[in-house]
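**Q** So that we are looking at the same thing, I have put the structure below in structure tokens.
The values are calculated or read from the model by the stated rules, or taken from the named source; none is laboratory data. Please read these numbers as outputs of a predicted model, since none were measured by experiment. Backbone-built Cβ (ideal geometry, glycine too); neighbour counts: all protein chains shown. Ligands, DNA and RNA are stripped out before the accessible areas are found, and what is left, the full protein with its side chains, is counted by its heavy atoms. Shrake-Rupley method; radii C 1.70, N 1.55, O 1.52, S 1.80 Å.
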Protein chains: 6
Amino acid sequence: MHQLVEYADATPDVRAVYDDIMATRKTDWINNFWKALANDPVTLRRTWESIKQIMAPGALDPLTKEMIYIAVSVTNQCPYCIASHTASACKKGMTGAMFHELMAVVGMANETNRLASGYQVEIDEQFKTP
Amino acid sequence: MHQLVEYADATPDVRAVYDDIMATRKTDWINNFWKALANDPVTLRRTWESIKQIMAPGALDPLTKEMIYIAVSVTNQCPYCIASHTASACKKGMTGAMFHELMAVVGMANETNRLASGYQVEIDEQFKTP
Amino acid sequence: MHQLVEYADATPDVRAVYDDIMATRKTDWINNFWKALANDPVTLRRTWESIKQIMAPGALDPLTKEMIYIAVSVTNQCPYCIASHTASACKKGMTGAMFHELMAVVGMANETNRLASGYQVEIDEQFKTP
Amino acid sequence: MHQLVEYADATPDVRAVYDDIMATRKTDWINNFWKALANDPVTLRRTWESIKQIMAPGALDPLTKEMIYIAVSVTNQCPYCIASHTASACKKGMTGAMFHELMAVVGMANETNRLASGYQVEIDEQFKTP
Amino acid sequence: MHQLVEYADATPDVRAVYDDIMATRKTDWINNFWKALANDPVTLRRTWESIKQIMAPGALDPLTKEMIYIAVSVTNQCPYCIASHTASACKKGMTGAMFHELMAVVGMANETNRLASGYQVEIDEQFKTP
Amino acid sequence: MHQLVEYADATPDVRAVYDDIMATRKTDWINNFWKALANDPVTLRRTWESIKQIMAPGALDPLTKEMIYIAVSVTNQCPYCIASHTASACKKGMTGAMFHELMAVVGMANETNRLASGYQVEIDEQFKTP
């Protein structure tokens, strides 16, 4: 059910997505995530179109977005996404120092999230004002 | 067990931490998280010293760090931390557009984390090279 | 501590559970999950009796229940449970198309769960009425 | 930043999404989730279009999809999504008996996910064959 | 669907469980968790019988078990379970100092769990020997 | 970026932490977690100092603390931390029977956390009094 769909075996609509991924990312290969999703061309296209829109430069730069992606993936303990987005962030310029600070913040946030809930801390009125 | 420790009732060591929090953050009040932690002065000090070190400007700027904090807190569904760090990020310059893009990335990462694990995708060799 | 307990080495009470698992599931082997739990016969029996009761046909059919099991396991990122319950669901008739839609819903739910908490959305009055 | 966008105050593009939501769901009101997302019209439209596509009848019926949505939301402990999708599922015909069985499966899956990881159970070869 | 089942309105089988809960816990009231589960008498009984068996004194004492329950509930950010099991642990003798250390461990474990996965640390051979 | 820093290649400040870890734990080797963190000496030191303080004997004994660490790691599904802290707990005297009861509590807590949120149970007044 989850075999990887290689470019050579792909239908035209899957190939079109693969081509757009490679063109957008300026790369010449497709990683396993997309090859697995290609078993379901509708989800493949929707997911790629969404990611393409979301990860494009905007109010936040692409590297910041990759680091946010890593923060979520590490919190969720998703090995695939940690590996792929860390590689992606490095390619976009994340230095070792940036990665180290990212991990430090992610670790601390996971800690204080639990201290806040464990101590059953109520939200301050000051934080409720939009 | 979890009553909030107000400044007026605090011991000198707790007051010293409160003073440092207010001086570092250039504010004149202490939020409930610290008042709850103050029931355990050792944890109060260690947590504050760690956060002060981690959130200081470095390879990543303070606003980027706040947004990473939000990404983790939203993923963990911690209402207190979402409210407090969103307020904090706004104070440091997060615009509505930045917040919207942050949420879009956090949402998408949470989605693709599950697609990757649900499809049992293996990590590409290319992502294993450090 | 976690060695797998094979049928040949099992005590009578563990064998009785193994026999019931194989009879109930119409299969001739025991998967590693049960062989690991067999180190604690009390938990083995309680867990099996609970699962047997819960996964039996009722207001929901067994395949729907397997898909719900997958949805939880994917959300929690449990590789063992994803693999075993996906195999189980296939055996009970889950088609590729069903699996793809299941993954799409699981992914989207994980996304909107975070959008709802990140935007600090309050529950509508209409949803509070039982 | 997170004020709710009411229909009367919405821009034409937001109103177009609101209209489609109400028409698709055969209802005359918009719940808070969409009113919050409307602060970011691009995310509002993308999220709605995705959900509309994903939750439509297909290999799985809409009620089964709602129950999968609940399974994820309960696992993630998202109060808003639990409330809204439980209401939604009831409207689509979920009976009390179905809800009870759904909860029983979700609870048990969350339990055995941890037993599998805590006992460090390796995936059986039989489960690795697609 | 989720109304609370009061003792006066309960069927004999639900009352039997309520009676056993009160006798076992040496208390004269039933907390909302059980009153909600009572909508599904089968799940009510199975869950109570399981908890009664699991939380009884054994190789671990009941207070240690309550603190483990809190550790899980805090990690999952479940407000109801945090409140109820913290109250339970206090009744069984948890002091403020014990609670503070419990929270410190829970917080730190949540932090290092993410550092381990974020740095993609491989399991040492020494830890693989049972 | 994540290569492991061996003792022979470590800077004096990293070696000082390594020496303290081995002295405190009465062991002659360093596990991969610390060798990975050593890429960021500041985080290495802060994390070690925090863990040393938190895991020391206090109101809770070191073995109880290790079991709480396991409870969190299992709930978060962190394979590295499960393996390392289970090994650690065994070294500190955790028997098979203790481990089995620990797992039973962790499993059940993960189950009832979801039943509580799925049934949308409100916190009893009795649990709100500190």
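**Q** Using Cα pairs closer than 8 Å and at least 6 residues apart in sequence, work out the relative contact order for the range B:57-119, in percent. If you can, show how the numbers build up before the last one.
**A** Numbers: 28 pairs, mean separation 22.2, N = 63.
Once divided by the residue count of the range B:57-119, the mean separation gives 35 percent.
**Q** OK, next. Using only the alpha-carbon atoms, what does the range C:52-118 span along each of its principal axes? Please give whole angstrom values in decreasing order.
**A** Answer, in whole Å and largest first: 38, 24, 22 Å.
**Q** Whole-Hz Karplus ³J(HN,Hα) for the range A:70-78, in order, using 6.51 cos²θ - 1.76 cosθ + 1.60 and θ = phi - 60°, x for Gly and Pro?
**A** 5, 4, 5, 5, 5, 4, 7, 6, 9
**Q** Of B:LYS52/F:LYS26; C:LYS35/D:LYS128; A:LYS128/B:LYS65; A:LYS128/F:LYS128; A:LYS65/F:LYS52, which ones are farther than 24 Å apart at the Cα? Please report the intermediate quantities before stating the final value.
**A** Working: B:LYS52/F:LYS26 32 Å; C:LYS35/D:LYS128 18 Å; A:LYS128/B:LYS65 21 Å; A:LYS128/F:LYS128 22 Å; A:LYS65/F:LYS52 35 Å.
With Cα atoms farther than 24 Å apart: B:LYS52/F:LYS26; A:LYS65/F:LYS52.
**Q** Can you pull out the trypsin sites (Lys or Arg not before Pro) in the range F:23-129 whose DSSP state is coil and whose Cβ has at most 16 other Cβ atoms within 10 Å? Show your work: numbers first, answer last.
**A** Values: sites: F:ARG25, F:LYS26, F:LYS35, F:ARG45, F:ARG46, F:LYS52, F:LYS65, F:LYS91, F:LYS92, F:ARG114, F:LYS128; in loops: F:LYS26, F:LYS92.
Qualifying residues, ordered by number: F:LYS26, F:LYS92.
**Q** Let me ask something additional. In whole Hz and in residue order, list the ³J(HN,Hα) couplings for the range B:64-69 that follow from phi through the Karplus curve 6.51 cos²θ - 1.76 cosθ + 1.60, θ = phi - 60°; x for Gly and Pro.
**A** Listing the rounded values in order: 4, 5, 4, 5, 5, 4 Hz.
**Q** While we're on this one: Between copies, how far does the label point of D:ARG15 sit from its twins, in nm, shortest first, when each point is 7 Å from Cα along Cα→Cβ?
**A** Inter-copy label distances (nm, one decimal, shortest first): 4.5, 6.1, 6.1, 7.4, 7.7.
**Q** From the phi angles alone, apply the Karplus equation (6.51, -1.76, 1.60; θ = phi - 60°) to the range A:47-55 and give each ³J(HN,Hα) in whole Hz, x where the residue is Gly or Pro.
**A** 5, 5, 4, 5, 5, 4, 5, 5, 8
**Q** How far is C:GLY58 from the same spot in each other copy, in nm, shortest first, if each label point sits 7 Å from Cα toward Cβ?
**A** Its label point is 2.4, 2.9, 4.3, 4.3, 5.0 nm from the equivalent points in the other copies.
**Q** For a quick check: with amide H placed at 1.01 Å from N, whose amide H comes under 5 Å from A:ILE30's, ignoring anything fewer than 5 positions away on the same chain?
**A** Amide H neighbours of A:ILE30: none.
**Q** Could you work out the relative contact order of chain F? I mean the mean sequence separation of Cα pairs under 8 Å and 6+ apart, divided by the number of residues, in percent. Intermediate results must be reported in sequence, preceding the final value.
**A** Details: 67 pairs, mean separation 22.3, N = 130.
Relative CO of chain F lands at 17 percent.
**Q** Per DSSP helix of 4 or more residues, -39500 (n - 2.57); summed, then divided by the residues of the protein assembly as shown. What does that give at 222 nm, rounded to the nearest 500?
**A** Counting only the DSSP helices, I get -21500 deg cm²/dmol.
**Q** Still on this structure, please answer the following. Return the chain A residue and its Cβ-to-axis distance, rounded to the nearest Å, for the rotation relating A to D.
**A** A:SER50, 3
**Q** Rank F:LEU115, F:LEU102, F:LEU44 by mean-square fluctuation in a GNM of chain F with C-alpha springs under 10 angstrom and give only the top-ranked residue.
**A** Result for chain F, Cα springs under 10 Å: F:LEU115 fluctuates most.
**Q** Quick check for me: using +1 on Lys/Arg Cβ and -1 on Asp/Glu Cβ, what's the dipole size of the protein assembly as shown about its Cα centre, in debye to the nearest 20? Show your work: numbers first, answer last.
**A** Details: 72 positive and 90 negative charges, 0 e Å.
The dipole of the protein assembly as shown has a size of about 0 debye.
**Q** Here's a follow-up. Inter-copy label distances at C:ALA97, 7 Å along the Cα→beta-carbon direction, one decimal in nm, shortest first?
**A** Sorted ascending, the copy-to-copy spacings read 2.9, 4.4, 5.6, 5.6, 6.6 nm.
**Q** Which of the aspartates and glutamates could be linked to A:LYS91 by a straight reach, that is with a Cα gap under 12 Å, when you skip same-chain ones fewer than 8 residues away?
**A** A:GLU66
**Q** Give me the percent relative contact order of the range B:1-77, please, defined on Cα pairs under 8 angstrom at least 6 residues apart.
**A** 29
**Q** How much accessible surface does E:GLU125 have with a 1.4 Å probe, in Å² rounded to 10?
**A** Result for E:GLU125: roughly 120 Å² accessible.
**Q** If a cysteine in chain F has no other Cys Cβ under 4.7 Å from its own Cβ, put it on the list, ordered by number.
**A** F:CYS90 - these cysteines have no disulfide-compatible partner (Cβ-Cβ under 4.7 Å) in chain F.
**Q** Hey, another quick one. Not counting ligands, DNA or RNA, and with a 1.4 Å probe, what is F:THR95's accessible surface area in Å² rounded to the nearest 10?
**A** 60
**Q** Looking at the range F:5-130 from every direction and averaging, what is the projected area of its Cα convex hull in nm²? Write out the running numbers ahead of the final one.
**A** On the way: hull surface 41.5 nm².
The number I arrive at for the range F:5-130 is 10.4 nm².
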